[in-house]
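Peer 1: Sharing a structure here in structure tokens format.
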Amino acid sequence: MVGEIVGSGVTWDQPLRLLGGLHYLVLGGEASWDDPLEAHREFLSNFCLTQGVQTNEVQRSWLLAPLFLRVAQRTGAEMFDLVELGPSAGLNLVWDRYRYEYEAGIWGPAGAALTLSAEEKRPVPGGLLELAPRVRKRMGIDTNPIDVTTGEGARLLKCFVWAGQTARLDRLDRAIRELRADPPELTRGDMAEELPEVLAGRADDALTVVFETASLGYLPDEDVARVRAALEQAGRSGGLVFVSSGSARTNRQDWGLRITYYPGGDREFAGEADYHGAWLDWWL
């Protein structure tokens, strides 16, 4: 039965699509977890065929915040223009509207709808938390961005958070509420194709910070090379930083957090972290 619903061939995301589709129905009151799959066969088959897995783990902002603060510290920049590659709904583009708890202190607005905290294996330096860069512009490039300012978009994003993960669903609800107050600009397109034009039009009176959390890992090697070439080309005139995640140095199952400064491509390895932001080991 499951094979008939998800279609021929086996891919890594078929179980995620199937469960996401059922959760989508449950969230809308159109099904229960006890329903037989056959009862929703037509919908689930179409969902598995047409809907790619979409996640936007806002806990990752707890990792991003010290990276952005480190950029401000090293460059002296007081204002950022942000560009996210693969933002999904763009929840991490509004990272500065959340409140953060670290061992060395608290950062972010007191009235934030969402407060994030996690384990620090080596703590974030207190000096970073004294910085307060402002974000002037926020935009993201995604092949299929989700508009969570609509009920349909929020439901779609939430369906890929598994039932029972109540804390994660609560974070998502709070982040969506914060984003809706002033949504970022989301552009539909191929990031490797769109990025050169976006960078060509950047302003010179703010530091442009391009960032990604895992999105490059889903691209073919040739597209990753095109993204990096676009950064290097645009970075020759300065005013550009790339914040990225990739393979860790000590455990390939974890994330390595890197900051690349242009011109020159000087790279800092900032630390290692859990893929979803459950812990951070800060190295700088």
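Nothing in this text is a laboratory measurement; each read-out follows from the coordinates by a stated rule. These figures come from a predicted structure and were not determined experimentally. Every residue, glycine among them, receives a Cβ derived from its backbone with ideal geometry; neighbour counts consider all protein chains shown.
Peer 1: Kindly put ILE141, ILE106 in sequence by how many other C-beta atoms sit within 10 Å of each C-beta, fewest to most.
Peer 2: ILE106, ILE141
Peer 1: How big is the charge dipole of the chain about its Cα centre, in debye rounded to the nearest 20, if each Lys and Arg gets +1 on its Cβ and each Asp and Glu gets -1 on its Cβ?
Peer 2: Taking the Cα centre of the chain as origin, the dipole is about 600 debye.
Peer 1: Still on this structure: Based on alpha-carbon positions alone, could you give the equivalent ellipsoid semi-axes of the chain from the gyration tensor, as √(5λ), descending, whole Å?
Peer 2: Those come to 33, 22, 18 Å.
Peer 1: Right, here's the next one. With each label point set 7 Å from Cα along the Cα-Cβ vector, what nm distance links ALA39 and ASP173?
Peer 2: Computed distance between label sites ALA39 and ASP173 equals 2.4 nm.
Peer 1: With label points built 7 Å along Cα→Cβ from the Cα atoms of GLN165 and ASP266, find their separation and express it in nm.
Peer 2: Output for this residue pair reads 3.8 nm.
Peer 1: Going by Cα centres, the stretch 222-269 and the stretch 9-66 are how many Å apart?
Peer 2: 31
Peer 1: For the pair VAL224 and GLN51, how long in nm is the line joining their label points, each one 7 Å along Cα→Cβ?
Peer 2: Taking the simple label geometry, VAL224 and GLN51 are separated by 3.0 nm.
Peer 1: Neighbouring Cβ atoms within 10 Å as the yardstick, rank TRP62, TRP282 fewest first.
Peer 2: Going from least to most buried by this count: TRP282, TRP62.
Peer 1: If you average the sequence gap of Cα pairs under 8 Å that are 6 or more apart and divide by the length of the stretch 2-50, what percent do you get for the contact order?
Peer 2: The value is 53 percent.
Peer 1: Pull out the extension gain between ARG136 and LYS121, defined as 0.36 nm times the separation in residues minus the alpha carbon to alpha carbon distance; nm, one decimal.
Peer 2: Roughly 2.2 nm would be gained on extension.
Peer 1: Rank PRO36, HIS23, LEU49 by how far each Cα sits towards the positive end of the charge dipole of the stretch 2-50 (+1 on Lys, Arg Cβ; -1 on Asp, Glu Cβ) and give me just the farthest.
Peer 2: LEU49
Peer 1: Against the longest alpha carbon principal axis of the chain, how many degrees, from 0 to 90 and to the nearest 10, is the axis of helix 14-27 turned?
Peer 2: 80
Peer 1: If you consider only alpha-carbon coordinates, what radius of gyration and Dmax does the stretch 1-83 have, in Å?
Peer 2: When restricted to the Cα atoms of the stretch 1-83, Rg and Dmax are 20.0, 59 Å.
Peer 1: Rounded to the nearest 0.05, what FRET efficiency is calculated for ASP182 and ALA214 with R0 set to 22 Å and r the Cβ-Cβ distance?
Peer 2: 0.30
Peer 1: If you don't mind, another one. How much mean residue ellipticity at 222 nm does the chain get from its helices, if each DSSP H run of length 4 or more adds -39500 (n - 2.57) and you divide by all residues, to the nearest 500 deg cm²/dmol?
Peer 2: Only helices count here, giving -10000 deg cm²/dmol.
Peer 1: According to the Cα gyration tensor, what semi-axes, each the square root of 5 times an eigenvalue, does the equivalent ellipsoid of the stretch 2-50 have, listed from largest to smallest in whole Å?
Peer 2: 18, 11, 9
Peer 1: When only C-alpha pairs under 8 Å and at least 6 residues apart count, what is the relative contact order of the stretch 47-201, in percent?
Peer 2: 29
Peer 1: Still on this structure, please answer the following. Where in the chain is the longest stretch that carries no GluC sites (Glu not before Pro) classed as loop by DSSP and with at most 16 other Cβ atoms within 10 Å?
Peer 2: Of all site-free stretches, the longest is 104-284.
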